[in-house]
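A.B. asks: Take this structure first; my questions come after.
The values are calculated or read from the model by the stated rules, or taken from the named source; none is laboratory data. Predicted model only: the values in this text are computed from it and were never measured. Cβ: placed from backbone, ideal geometry, glycine included. Neighbour counts: every protein chain shown. Note: accessible area is taken over every heavy atom of the protein model, side chains too, but ligands, DNA and RNA are not part of it. Shrake-Rupley method; radii C 1.70, N 1.55, O 1.52, S 1.80 Å.
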Amino acid sequence: FVASTEVFVEWYLRRQFFFYNGELWLDGSDEASGSVPDHVKVTVCLAENDAIVNAERVKDYIHMCNEEREKEGKQNVELVYWKDMGHAECLVRPESWENIRKIVNTHEETQWKNQASVSKKIVKSSISKISL
C-alpha cells in the first residue's frame, strides 16, 4: 500500500530501482555474476505469506546453500523467517523493526571490528618496514 500511494517511494521504485540489479546468488563463486563474496555477511528476511516471493522455496535454497557453504568453510547466510506476515509487512509492524535494527547493528559492529583488525595489521606491517 505504501509503495503505491506515497509519492517519493513510488517515484523511487518506478524510476530508480531495477530488480535485475538486486539479484543475489548464494551458490557459486563468481562475484561478477552476483555471487556473494566470502567475506560478506548476508541476512535474508522472508515473510511466510509473501505474495510476490515464494518464501518456502527461497528458505529451502538458503538451507541448501548453507550446507554447501559449511562444507567449504564459508560463513552461513542468516535467515529471518517471519511467520504470518506478507510482503513488506515488516514495514508496518513495529515488532519487526527491533529485529531488523539488531541485525543491522550486529552487521555494522562486525564490520567495524574487521576493519579495525585489518587496520592494525596494516599499521604493524608499515612500522616493521620502516628502518631506523
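A.B. asks: Looking at segment 63-100 only, could you name the residues that are among the hydrophobic types (A, V, I, L, M, F, W, C), farther than 24 Å from Val36 by Cα, open to solvent by less than 50 Å² (accessible area, probe 1.4 Å) and in a helix (DSSP H, G or I)?
C.D. replies: Cys90
A.B. asks: Return the residues of segment 8-57 that are modelled with pLDDT of 80 or more, among the hydroxyl-bearing types (Ser, Thr, Tyr) and in a helix (DSSP H, G or I); say none if nothing qualifies.
C.D. replies: None - no residue of segment 8-57 is modelled with pLDDT of 80 or more, among the hydroxyl-bearing types (Ser, Thr, Tyr) and in a helix (DSSP H, G or I), so the list stays empty.
A.B. asks: May I ask you to list pairs of residues, at least six apart or on different chains, whose Cβ atoms are under 9 Å apart, with the first in segment 85-110 being closer than 22 Å to Val53 by Cα and the second being open to solvent by 70 Å² or more (accessible area, probe 1.4 Å) and of a type in the set (Val, Ile, Thr)?
C.D. replies: His87/Ile52; Ala88/Val2; Ala88/Ile52; Leu91/Val2; Val92/Val2
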